[in-house]
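The values are calculated or read from the model by the stated rules, or taken from the named source; none is laboratory data. Everything numeric here is computed off the predicted structure, so don't read it as measured data. Here Cβ is always computed from backbone atoms with ideal geometry, including for glycine, and neighbour counts include all displayed protein chains.
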């Protein structure tokens with residue numbers, strides 16, 4: 001793209017793009033996905049004739065009071081909500097503050113968030129599927145075909161597909177009570193793990209699964225996941241705010257999370273770091289990804305609402321985007337239809353949540369679809385039958401841990417679903 005500059009640091013290329021000639025009034029960048037390219041993001045959000053987009057007039061305004069109530073209750077300091085219907089942005093607003101400490105800062109629509117476990121579906125799962133399309137990875141292969149030492153300690157029967165669906169039998173996380181640090185020590189922890197059950201026997205949502213998938217991407221492609229995802233997903237889609245280890249030039253737009261000391265409490269972790277009280281901003285929140293250097297298959301990605309929307313629209317367009325095609329329609333279908341063992345109540349696709357205990361972003365009215373959540377307060381739900389998706393990005397953990405926000409996720413989804421006037 002003409003006029004784009006990629007910042008470089010000692011950690012390699014990171015996401016800081018200067019887009020000359022593409023800035024609209026107010027500094028908003030046009031979407032590049034075909035269905036989203038005609039309008040400035042948010043333009044449709046202020047229209048009085050939303051019924052032209054299959055939206056009942058006035059219904060989406062109810063999102064305002066729902067988010068403001070969550071802010072008033074201290075559930076989130078602020079939020080960015082974006083909803084799209086049939087390729088057009090029908091709602092796009094920022095609420096509250098992105099920072100409360102050390103000083104208040106208002107939330108803006110271009111705020112960049114630590115998206116936490118949305119990393120799994122924005123970076124890792126599509127990277128694996130791209131390698132499947134290239135014939136480099138096969139989902140039915142044992143993981144040890146790509147990571148030979150993975151078979152140690154009873155893991156030889158675990159296949160790549162088990163990692164994607166969270167039916168591998170592996171525990172939820174690496175043991176952070178042990179004082180390991182760095183990439184090589186992480187690998188030793190991964191090899192030493194013992195599964196808690198046989199594959200396909202039990203659903204356990206596990207960061208370990210996607211840590212292993214990140215290593216498969218590295219082994220099969222020769223690139224670490226940050227570089228592979230950037231070159232094959234983020235740059236082609238124009239996701240200019242999306243990266244691991246964001247450059248310092250972006251700090252002013254990044255929503256802070258909480259202190260490292262607080263994050264360590266979640267997993268009874270240990271750390272030799274002395275500056276544990278400083279609130280994190282632009283540094284990964286997840287304690288395991290932090291120990292891995294900020295790049296991991298399960299967490300570590302930073303992104304904005306407009307970038308998540310570009311990705312979601314590509315999926316609704318069955319893999320197409322303005323520059324061509326990212327994934328085949330059959331690949332998108334495979335990722336987003338049930339892939340869990342037959343008869344299991346917890347239903348997952350390849351990476352995506354379909355119907356599990358984690359499906360709060362679906363709400364009560366949408367029937368079907370797929371999505372994901374992130375611990376820091378992020379979520380995405382995509383509903384192909386109506387061509388709709390809902391992006392909700394918050395930093396609920398700021399400044400000191402936050403509260404459960406499943407209610408807000410579901411309420412926002414319900415309001416969007418209730419506003420659709422022509423669902424067929």
Legend entry - Residues that are buried (at least 20 other Cβ atoms within 10 Å of the Cβ) and touching a residue at least 60 places away in the same chain (Cβ under 8 Å), drawn from region 91-107: 91, 92, 98, 99, 107
Inset, instruction - Go through (1) surrounded by 24 or more Cβ atoms within 10 Å (Cβ to Cβ); (2) part of a helix (DSSP H, G or I) one by one and return the number of the condition residue 334 breaks. - result: (1)
Inset, instruction - Starting from residues that are out of contact with any strand residue (DSSP E or B) (no Cβ under 8 Å at 6 or more places or on another chain) and modelled with pLDDT of 95 or more, keep the ones in region 406-424 and report whichever is farthest from residue 112 (Cα to Cα). - result: 418
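In this structure, is residue 105 within 30 Å of residue 61 (Cβ to Cβ) and more than 23 Å from the chain's Cα centre (by Cα)?
Yes: the conditions hold for residue 105.
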Legend entry - Condition check for residue 173: within 25 Å of residue 356 (Cβ to Cβ) and in a loop (DSSP other than H, G, I, E, B): yes
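Yes/no per residue for (1) assigned to a loop (DSSP other than H, G, I, E, B); (2) at negative phi; (3) more than 20 Å from the chain's Cα centre (by Cα); (4) surrounded by fewer than 23 Cβ atoms within 10 Å (Cβ to Cβ):
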{"residue": "358", "(1), (2), (3), (4)": "yes, yes, no, yes"}
{"residue": "382", "(1), (2), (3), (4)": "no, yes, no, no"}
{"residue": "391", "(1), (2), (3), (4)": "no, yes, no, no"}
{"residue": "396", "(1), (2), (3), (4)": "yes, yes, no, no"}
{"residue": "399", "(1), (2), (3), (4)": "yes, yes, yes, yes"}
{"residue": "408", "(1), (2), (3), (4)": "no, yes, no, no"}
{"residue": "414", "(1), (2), (3), (4)": "no, yes, yes, yes"}
{"residue": "423", "(1), (2), (3), (4)": "yes, yes, yes, yes"}
Legend entry - Selected residue (only one of 193, 130, 176, 147 is in contact (Cβ under 8 Å) with a residue 40 or more places away in the chain, surrounded by 15 or more Cβ atoms within 10 Å (Cβ to Cβ) and closer than 23 Å to residue 311 by Cα): 130
Inset, instruction - Tally the residues that are surrounded by fewer than 20 Cβ atoms within 10 Å (Cβ to Cβ), part of a loop (DSSP other than H, G, I, E, B) and at pLDDT 70 or above, restricting the search to region 256-279. - result: 3
Inset, instruction - Output yes when any residue across region 208-227 is in contact with a strand residue (DSSP E or B) (Cβ under 9 Å, 6 or more places away or on another chain), part of a helix (DSSP H, G or I) and surrounded by fewer than 19 Cβ atoms within 10 Å (Cβ to Cβ), and no when none is. - result: yes
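Going by the structure shown, is residue 141 surrounded by fewer than 17 Cβ atoms within 10 Å (Cβ to Cβ), touching a strand residue (DSSP E or B) at 6+ places or on another chain (Cβ under 9 Å) and closer than 27 Å to residue 230 by Cβ?
yes
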Legend entry - Conditions (1) surrounded by fewer than 19 Cβ atoms within 10 Å (Cβ to Cβ); (2) closer than 26 Å to residue 245 by Cα; (3) out of contact with any helix residue (DSSP H, G or I) (no Cβ under 9 Å at 6 or more places or on another chain); (4) touching a residue at least 12 places away in the same chain (Cβ under 8 Å): number failed by residue 110: (3)
Inset, instruction - Would you check if there is a residue in region 230-239 being crowded, with 20+ Cβ neighbours inside 10 Å and at pLDDT below 95? - result: no
Legend entry - Flag if residue 304 is farther than 15 Å from residue 245 by Cβ and surrounded by fewer than 21 Cβ atoms within 10 Å (Cβ to Cβ): no
